[in-house]
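Colleague: Below you will find the structure I want to go over with you.
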Amino acid sequence: MALRIVRSSINAFLDGYQSFTSIAALLVLPASASILLSQALVPFSGPVVKTISFRLSALFQAAMFPASAEFFALLNVKLAQTVFSFLATLPIVLTFLLVAKACVVLAVCGGGGRIRRGTPSLSTALRLYRSILPTHLFNSFLLLSTNATVFAFLFLVFNVADVLGLATSTALLLLLSAAGAVLYSVVIANATVICNLALVVAAVDDCGGLLPALKAFFLVRGRASTALGLALPANLGMAAVEALFQYRVVRQYNISGELSSSLLWEAFSIAYLHASLLILEVIMNCKFYEVCTVENKHEHERHQGELELKEKASLFV
């Protein structure tokens, strides 16, 4: 199922190539550039990242997480970098990127099953933006709550292990850390999938806030493997592009110490590739939403048919 949706999304991207490339160049490119630059500026923003890391480390110590667990040390660094990147890119994400997602949803889901040709009108996109913005803000709160819930559960597990005297074993501590890493990854991946689908629901159903997230949750229920299978290639692709930017642009700049025209052009090309992947990710979420709604409609019709047959049988008896 996931592979079929990926193929359908690629076909949709190629079918509306001119429209989607225009959206990528005009709206998504500034967001992609800010995301890539924020990650490149992490080593140069030492005081800010160190402050965030210190606060998170103090929070972990107050929660009595084991200081020797490598999982929490690595998680501390990654969370500090994620928080810095989130804050640095927040203004552009809340404007350019959300308007771009509204345009993509309008092009994919607003054409009666066909991809709309040409760039969607800005007025219609801004109307959808009024629904997407509160949904995005609620999604941020949902992801924050999910992180807090997972940390609370891990806090309980590690403290129970400490009370039972099991935390002194290095092997058991390593096992608990590995299990915690797997649990954290799975829970955050599922929450991210629901949040991404909620933006599509908000744009299609013209609602915002909590309701799209609830609808997305019920759509994903029973299809979690398909949703994660869709999220994996998109996330791996963007991670590869971000690593390419670090290697080809940031590394070359650190070596030469100057911004040449070829380096700027390569940075622009990688940022445009990142923007195209963001567009493709939204298209995949739209196609997944269409598949979920069609399957739910068929299930509802089948259920209604079974009920009618039972009623006719009871009347016959």
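The values are calculated or read from the model by the stated rules, or taken from the named source; none is laboratory data. Not measured: the values here are computed from a predicted model. Positions of Cβ are backbone-derived with ideal geometry, glycine not excepted, and every protein chain shown enters the neighbour counts.
Colleague: Looking at this structure, is Val150 farther than 19 Å from Ser225 by Cβ and either acidic (Asp, Glu) or at pLDDT 80 or above (or both)?
Modeller: Answer is yes for this residue.
Colleague: Now, a different point. Counting residues that are modelled with pLDDT under 70 and more than 23 Å from the chain's Cα centre (by Cα), which helices (runs of 4 or more DSSP H) fully inside region 16-120 reach at least 1?
Modeller: Counting at least 1 such residues, we get 46-62, 70-92.
Colleague: Using the structure shown, decide if Leu232 is without any contact (Cβ under 8 Å) to a residue 24 or more places away in the chain and closer than 24 Å to Ala31 by Cβ.
Modeller: Values: without any contact (Cβ under 8 Å) to a residue 24 or more places away in the chain: yes; closer than 24 Å to Ala31 by Cβ: yes.
Yes, satisfied.
Colleague: Inspect region 143-155 for any residue being among the aliphatic types (A, V, I, L, M), more than 18 Å from the chain's Cα centre (by Cα), assigned to a helix (DSSP H, G or I) and over 22 Å from Cys103 (Cα atoms) and give the result as yes or no.
Modeller: yes
Colleague: Next question, about the same structure. Looking at this structure, is Leu211 touching a helix residue (DSSP H, G or I) at 6+ places or on another chain (Cβ under 9 Å), touching a residue at least 60 places away in the same chain (Cβ under 8 Å) and within 22 Å of Cys103 (Cα to Cα)?
Modeller: no
Colleague: Counting only residues that are small (Gly, Ala, Ser) and under 19 Å from Ile194 (Cα atoms), which one in region 121-142 is modelled with the lowest pLDDT? Even if it seems obvious, please write down each step before you answer.
Modeller: Here is the first cut: in region 121-142, the ones small (Gly, Ala, Ser) are 121, 123, 125, 131, 140.
Now restrict to residues that are under 19 Å from Ile194 (Cα atoms): 131, 140.
On the way: Ser131: 87, Ser140: 90.
Restricting to residues being small (Gly, Ala, Ser) and under 19 Å from Ile194 (Cα atoms), the top hit is Ser131.
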